[in-house]
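Single-structure report; data block below.
The values are calculated or read from the model by the stated rules, or taken from the named source; none is laboratory data. None of the values given here were measured: they were computed from a predicted structure. We place every Cβ from the backbone using ideal geometry, glycine too, and count neighbours over all the protein chains shown. These area figures cover heavy atoms from the full protein model, side chains too; ligands, DNA and RNA do not enter into them. Shrake-Rupley method; radii C 1.70, N 1.55, O 1.52, S 1.80 Å.
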Amino acid sequence: MLVSYKWLQTYFEESLPPAEELAELLTMRAFEVENVEQKGDDYILDIDVLPNRAHDCLSHRGIARELAVLLKLKIKEQKSKLQIKSKELEEELKIKINEPDLCRRYMGRKIEEVNVGPSPDWLKERLEAIGQKSINNIVDATNYVMFDTGQPLHAFDADKVEGGIVVRVAQAREKITTLDGKEVELDESILVIADDKEPLAIAGVKGGEKAEVDEGTTNIILEAANFAPVSVRKTSRKLHILTDSSKRFENEITPEMAGWGMEEAVVLIAEIAGDGDTQIGDIVDVYPIKANPYKVGVSLDEINSLLGVNISKKEVEDILNRFGFGYERIIPIGKIKEIIDSGMVLGKKYEFGASISYDAPEIFDCSSLTSWIFQEAGIAIPRISIDQFVFSEEIKKDELEFGDLVFSNTGLIIKVGIRKKSVEFLRGTEVPSGVDHVGMYLGNGKILHTSSQTKKAVVEDLEKAAMFKNMRYGRIANRDEERFVVTIPPERLDLRIKEDLIEEIGRVYGYKNITPRALEEGTASTPINKRFYYMNKIRNILAGLGFSEIYTSTFSEVGEVSVQNPIASDKGFLRSRIADMLKSTLAFNIHYADLLGVSQVRIFEIGEVFDKEGEHLSLGMGIQDANKKKNEKEAHIALERSLNALLEHLGVQERGFDGMGGYDGHIFQTLAPKTDGFVFEVNVDKLIEKLSEPDSYEDA
């Protein structure tokens, strides 16, 4: 992203360090600056903002916030001399969102009697400095606000809009002519902004010609919206239209930013395109679901342990204050008691699958209730009841204390049934008794919980509560340790777990201030993995005997174990032997023996094979001569000799093949090798069982 040094300076009273110093600071502590170029009396920084910070830093304001934190500067308050007062206009603006999953917020505002014309010099200069062409004062204002705040905006000529604004998916083969004069065919996967008759813009990507703002425009509708990133990304790639707007939406920005962008754009348009006759209508804000503030908790010990430093509480608080993060220092169990004693969750409605981000604290299900309470106390626990059980430390009934969790197999098949495996946390971990319900123990035999049976959050006697059968008990760790509970600003979508917060603290503290320390000498010895050891040893021995290792597909056209969802029509089974692929590989490579400069092709593969008895490790070996006069028997004898040599190197004293097509020795009788002309296959797992335990990996 191109960033103007002069533009950044407008955010600060104090003079910023020279552009080259800013570039070095940002590179070492935030983003890599790829280039600094002087342009007139300005310097342009080409900053590589990675996707994890595109939420808030694809803008001058975002970069200014970073500099304020790193340089310990204060951003000056952005005040306009113009006071905006809205009026009720004759014709009310109507907005409808048909696809709330794809459009999370849509704000519109009518501004009447504007004067469309050239932009003032300062605005032209700022846009041209970062490679943007000036169009007219209205369009320039929307572009300026996007590069300033990170919020894309769009202006429609209100007199060209027929009826109201509707956010909908396009109809099959519906067409739009974009602002650059290209006709684009749409389909039902593409979200559009339309009036009552036809599309006006491709949502989040590009505007259309129909309601284009031009020199004849006097009334506009200003749009500030938020579109789902996946929808914008798919549309942009499908139509091959990449814009500054689509780049910001597809990396996701908070819906809250729409309000900030709208406010700044209206003030700017009023200043540069308004006069005494200009009238500004009320904002129409369609915001179907607003997210709760996100909270992340972290302790001082967790910060110091992960970073390997000894930061004080005061230093942590200073860094959090520099970011402008709101936070509390709390003891989790005390906060939990405060929530319970306040009665704020009692009586709240039950709904299966209730969201912590959007429904709490008004609507809960059993596990969102416990998860939300712990989140408020600065401890992140899994969302699903069975995951909460796996996450917690199991305790006995007589150890129950206030704030512990009580889990149950209710015996009722409700919605998803009785889960017996962890869903997200340590996925697949088995809980044979099953868990489908959870509540919080309040002491004195009381339990707080909510369910489809109670219809709301209630406190009941644990022994009498109908939802608690086959009980098990768990305790969440770190409940008595003081934690910083940080309320994450809405634009920081990258901060969701304590490790994210610790990383922010670490980079501002300065990685150069983290002193290297020698690792403590370990006393425990690492156990030798016998299977891994002998697999490597076999590979090295065979390589020394002139064999090349190959890797072939585990999937096959035939076999004893079928695949439920084959990746191809000829891959419907798991292979039951390696020999088949070795034979075809030998046949292919023997044609290139002259090119390879060899008179004989020797190959092997070690891999898993699958039959009705299960899965085991198999070794396949094959030899074929380039000289067609040599028959298969000679290749087979060479193969036998190679296998005997392998056994000898592995320390097996018994003979393998007897030289007459059979084999003797106890090990070979156990392994039951399979021979197929000039290809040989043996069960490696059975072979390894017979070999001695290795002392170290050094001779593998």
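A few remarks follow.
- Atom-type composition of the exposed protein surface of the chain places 47 percent of the accessible area on carbon and sulfur (1.4 angstrom probe).
- In a simple Cβ point-charge model (Lys, Arg +1; Asp, Glu -1; nothing else charged), the chain has a dipole of about 1760 debye relative to its Cα centre.
- Extension gain, E128-E401: 0.36 nm per intervening residue step, less the Cα-Cα distance, totals 91.8 nm.
- GluC sites (Glu not before Pro) lying in DSSP loop within region 1-86, provided at most 15 other Cβ fall within 10 Å: E13, E14, E77
- The label-point distance for E315 and L595, in a model that sets each label 7 Å from Cα toward Cβ, rounds to 6.2 nm.
- In the complete set of protein chains, residue-level accessible area for W260 is approximately 90 Å², probe 1.4 angstrom.
- Taking the Cα centre of region 283-422 as origin and assigning +1 to Lys and Arg Cβ atoms and -1 to Asp and Glu Cβ atoms, the resulting dipole is close to 400 debye.
- Paramagnetic label reach from K421 (point 7 Å along Cα→Cβ; backbone nitrogen cut-off under 18 Å): within region 369-407, residues 384-391.
- Cross-link partners of K6 among lysines (Cα-Cα below 20 Å; sequence separation of 8 or more within a chain): K39, K72, K74, K76, K79, K124, K133
- Against the main long axis of the alpha-carbon atoms of the chain, helix 256-273 sits at an angle near 40°.
- Exposure ranking of H154, H649, H591 by accessible area [1.4 Å probe, largest first]: H591, H649, H154
- Rolling a 1.4 Å probe across all protein chains gives E128 an accessible area of roughly 90 Å².
- Our helix-only sum for the chain, with -39,500 (n - 2.57) per DSSP H run of n ≥ 4 divided by its residues, gives a mean residue ellipticity at 222 nm of -9000 deg cm²/dmol.
- Average accessible area per residue (Å²) across the chain - probe 1.4 Å, nucleic acids and ligands excluded: 51 Å²
- Taking 0.36 nm per residue of separation and subtracting the current Cα-Cα distance, fully stretching the chain between D244 and E20 would add 78.1 nm.
- Per-pair calculated FRET efficiency, R0 = 30 Å: I135 and E99 via Cβ, rounded to 0.05: 0.50
- Here r is the Cβ-Cβ distance between H649 and F555 and R0 is 25 Å; the resulting FRET efficiency, rounded to 0.05, is 0.15.
- Under a 5 Å amide H cut-off, with hydrogens placed 1.01 Å from N, L200 pairs with I193, A194, D195 among residues at least 5 apart or on other chains.
- Efficiency of FRET between D480 and E362 - r from beta-carbon atoms, R0 25 angstrom, step 0.05: 0.25
- Listed cross-link partners K530/K633; K87/K247; K295/K337; K313/K335 are compared with a 23 Å cut-off, the Cα-Cα value being larger for K530/K633; K87/K247.
- Rounded to the nearest whole Hz, the Karplus-based 3J(HN,Hα) values (6.51 cos²θ - 1.76 cosθ + 1.60, θ = phi - 60°) of region 11-26 follow the sequence 7, 10, 6, 6, 6, 6, x, x, 4, 5, 5, 4, 4, 5, 4, 5, with x at glycine and proline.
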